[in-house]
Amino acid sequence: MVGKEKKWFKFWPNKIPNNIDYPEISLQEILRKTAKKYPDQIAIIYFKDNITYHELDLLSNYFAAGLIEINIKKGDRVALFLNNIPQFIIAYFGILKIGAVVTTISPLHREREVKYQLINSGAKSIVTLNSLYPIIEKIKQKTKLENVILTSSKWRSFDDKSNPKTVTDKKNVFSFSKILKENSNSSLPTIEINPKLDLAVLQYTGGTTGIAKGAMLTHVNIVSNTLIFATWIKAKKAYEKFLTALPLFHIYGMTTSMNVPICLAARMILIPKFDSTTILETIQKERITIFCGVPTMYSVLLENKQIENYDLTSIRVCISGASPLPLKVQKKFMAITEGFLAEGYGLTEASPVTHCNPIDKIKENMRIGSIGLPLPNTDAKIVDIINHKTELPIGVKGELAVKGPQIMLGYWQNSIETAHVLKDGWLLTGDIGKMDNDGFFYITDRKKDLIKYKDYSVYPRELEDILYEHPAVKLCAVVGKPIPILGQIPKAFVVLKVDAKITNTELIDFVNPKVAPYKAIRELDFRKTLPLSSVGKVLRRVLQNEEELK
């Protein structure tokens, strides 16, 4: 178990201890404490508007009081069907302040996906955009929804004039702005919360390996991960400026780009929609210091032909997660910004961060291609894929298992799946990896993505990494195409960069000499786009399903 070994401490930033004391408090306390100590500090910058921590705390109080008025009680699930707007953060903490449970839904979801999550979570209330109301109207009768709270992407002027005002005249359909205004003089009752057992968030997995499941995350799960990650990145109190471009409805953005800056009294520059020019302008104008993102974000920024015209040197730390970070992207981005771009690792079931590369002046301590070291208070080990009790030696590939205060209670109303992934306090991640002599971990693939060719195991990521080495490749994915007798053959899907020209045969010939014959790519399709999750992860499952249905 790596958590009991001390030799890798020399690589930790500023010799951070193995265990960090964190308070067992409810999640909303991080906002209350920051607002009390730094009331006039700017919390949110949203276009031309600023919101201070004092104001953010008050507004979430008003919203909490409004929820009580419409009969929301402790333990009730309240859905947030919103993008990155101030109302998301206000509603999030308002829900927590009455002991209710947040469950977020991607605004990119369609009717079927929204209906599934609402039914599965049993949410009685939802906060959503006026523009998304037609989806809710169509499915409401098939769910347990009682209340709908509407807002728009605007701030200070909540009501979208393009929508008829008569919508909020319907029974149990409310205006976000009116809830705030009508409850500005209300007081909140004291609600007892058990931080270790009470849920703060019912967060659904991305569904990249099947049907989305609700991870039950307690207050302590998220608070511990928030405070420990803030320590790991060596953030300064009341100083940092976070680029909040990751979607807040995803656990990665929720923790690293909302809860972490709030606990630090930092500024969050909210970006509702990712656009490379907007991001570059924002980094330069606001002097961003911390940016948590995904590889596709960094790749898109580097492809912007005007990037050299922007001063990005205010950036101190960037974290990349959700999918493997290509080496070329990492090196080039660090050269341009003069800051760190460190790869990390996490999953919804772990609130989400479990590993990260050191943020240290000694850049050699950051291992290229590695997800880094386990965070403080976190243990990790590599176990046999079949017999999960057998811990494997250094350098041997197996399934990554993690243990720590950030690990979920289990899956919502799904004891069978819970039993599959939680073993004696350890979370089986479903990811294949290995550990080196210094305690650094490497992810090679997902267990469910493994390609079985004849009697051989082929890891898609190995082939994808080689594809990314070719200058013409912008995005790629490798899946197993079912073939009688052989099992599966590796098939690649590739999106080329603008103006790039290369044939299927040329690209296959670029890859195959670099791998053993059984790993060779047998087929390759060029695509204009690839299916992506809400945080930019290529959905191999969608491509896999395509091949299985042919």
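Before moving on, here are some points about what is shown:
- Look at region 26-46: where a residue is over 24 Å from Lys74 (Cβ atoms) and of a type in the set (Asp, Glu), no partner that is in a loop (DSSP other than H, G, I, E, B) and modelled with pLDDT under 95 sits 6+ places away or on another chain with Cβ atoms under 9 Å.
- The number of residues in region 62-95 that are among the hydroxyl-bearing types (Ser, Thr, Tyr) and surrounded by 22 or more Cβ atoms within 10 Å (Cβ to Cβ) comes to 1.
- Residue within region 470-477 that is part of a strand (DSSP E or B) and either surrounded by fewer than 20 Cβ atoms within 10 Å (Cβ to Cβ) or modelled with pLDDT under 90 (or both) present: yes
- Unique match (being modelled with pLDDT under 95, closer than 21 Å to Pro272 by Cβ and touching a strand residue (DSSP E or B) at 6+ places or on another chain (Cβ under 8 Å)) among Val114, Val2: Val114
- Output for region 91-111, where each listed residue is in contact (Cβ under 8 Å) with a residue 40 or more places away in the chain, within 23 Å of Pro272 (Cβ to Cβ) and not small (Gly, Ala, Ser): Tyr92, Phe93, Leu96, Val102, Thr103, Thr104, Ile105, Pro107, Leu108
- Some residue of region 391-400 being among the β-branched types (Val, Ile, Thr), part of a loop (DSSP other than H, G, I, E, B), within 30 Å of Tyr518 (Cα to Cα) and free of Cβ contacts under 8 Å to residues at least 60 places away in the same chain: yes
- Ala212 being part of a loop (DSSP other than H, G, I, E, B), touching a helix residue (DSSP H, G or I) at 6+ places or on another chain (Cβ under 9 Å) and within 19 Å of Pro86 (Cα to Cα): no
- Of all residues making up region 491-505, the number that are modelled with pLDDT of 95 or more and under 22 Å from Val538 (Cβ atoms): 7
- Total residues in region 52-86 satisfying the condition of being in contact (Cβ under 8 Å) with a residue 60 or more places away in the chain, of a type outside the set (A, V, I, L, M, F, W, C) and touching a helix residue (DSSP H, G or I) at 6+ places or on another chain (Cβ under 6 Å): the figure is 4.
- Filtered residues of region 464-487 (kept if under 20 Å from Thr529 (Cβ atoms) and among the aliphatic types (A, V, I, L, M)): Leu467, Ala472, Val473, Leu475, Ala477, Val478, Val479
- Scan of region 278-327 for residues that are aromatic (Phe, Trp, Tyr) and in a helix (DSSP H, G or I), ordered by number: Tyr298
- The set of residues in region 516-545 that are basic (Lys, Arg), at pLDDT below 90 and part of a loop (DSSP other than H, G, I, E, B) contains only Lys537.
- Filtering region 338-389 to residues that are over 19 Å from Lys434 (Cα atoms) and among the charged types (D, E, K, R) leaves Glu338, Glu349, Asp360, Lys361, Lys363, Glu364.
- Residues (out of contact with any strand residue (DSSP E or B) (no Cβ under 8 Å at 6 or more places or on another chain) and buried (at least 16 other Cβ atoms within 10 Å of the Cβ)) located in region 512-535: Asn512, Ser533, Ser534, Val535
- Only a single criterion out of (1) surrounded by 17 or more Cβ atoms within 10 Å (Cβ to Cβ); (2) touching a helix residue (DSSP H, G or I) at 6+ places or on another chain (Cβ under 9 Å) is not satisfied by Ile368, namely (1).
- For region 108-145, the tally of residues that are surrounded by fewer than 18 Cβ atoms within 10 Å (Cβ to Cβ) and among the polar types (S, T, N, Q) stands at 2.
- Flag if Ile193 is touching a helix residue (DSSP H, G or I) at 6+ places or on another chain (Cβ under 7 Å), buried (at least 24 other Cβ atoms within 10 Å of the Cβ) and either of a type in the set (Val, Ile, Thr) or not in a helix (DSSP H, G or I) (or both): no
- Residue within region 427-442 that is on the phi > 0 side of the Ramachandran plot and crowded, with 16+ Cβ neighbours inside 10 Å present: yes
- Failed criterion for Gly99 (all others in (1) touching a Ser or Thr at 6+ places or on another chain (Cβ under 6 Å); (2) buried (at least 18 other Cβ atoms within 10 Å of the Cβ) hold): (1)
- For region 111-142, filtered to residues that are among the small types (Gly, Ala, Ser) and not in a loop (DSSP other than H, G, I, E, B), the residue that is farthest from Asn414 (Cα to Cα) is Ser131.
- Out of Ala265, Ala238, sole residue that is buried (at least 18 other Cβ atoms within 10 Å of the Cβ), part of a loop (DSSP other than H, G, I, E, B) and more than 17 Å from the chain's Cα centre (by Cα): Ala265
- Scope region 499-515; condition in contact (Cβ under 8 Å) with a residue 24 or more places away in the chain and not in a helix (DSSP H, G or I); matching residues: Ala500, Lys501, Ile502, Val515
The values are calculated or read from the model by the stated rules, or taken from the named source; none is laboratory data. Every value quoted in this text rests on a predicted model; they were computed, and no experiment measured them. Backbone-built Cβ (ideal geometry, glycine too); neighbour counts: all protein chains shown.
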